[in-house]
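Structure, as C-alpha cells:
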Amino acid sequence: RERGCQLSILVHRDGKKIFDYLTKNGVIADWREPNVIRVAPVPLYNTFEEVYRFSNLLSDYILK
C-alpha cells in the first residue's frame, strides 16, 4: 500500500562538485559520503518538468 522512490547515484569523480552544481541550480538532493547523490524523482513531490530539468542538469554537467 505504501511505496516510495529514492534514486542513489554512485559518482566516481567530482561527486561533491556535481551535488553542489545541482543544488545551486535548484535541485533538492542529499549528499552521502563518500560518493552518493540521492534524489527522489516521484510524482508526489516533483513534476515531470522538474525531473526532466534534473536529468538535463546532470547530463550537462557530465558532458561539459
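The values are calculated or read from the model by the stated rules, or taken from the named source; none is laboratory data. None of the values given here were measured: they were computed from a predicted structure. Positions of Cβ are backbone-derived with ideal geometry, glycine not excepted, and every protein chain shown enters the neighbour counts. All accessible areas refer to the heavy atoms of the entire protein, side chains included, with ligands and DNA or RNA removed. Shrake-Rupley method; radii C 1.70, N 1.55, O 1.52, S 1.80 Å.
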Take the residues of the range 7-56 that are of a type in the set (Ser, Thr, Tyr) and open to solvent by 100 Å² or more (accessible area, probe 1.4 Å): which is nearest to the chain's Cα centre (by Cα)?
TYR52
If a residue has to be at pLDDT 95 or above and in a helix (DSSP H, G or I) to count, how many in the range 16-48 make the cut?
9
Hey, SER59 hits all of (1) polar (S, T, N, Q); (2) touching a residue at least 24 places away in the same chain (Cβ under 8 Å); (3) open to solvent by less than 60 Å² (accessible area, probe 1.4 Å) but one; which does it fall short on?
(2)
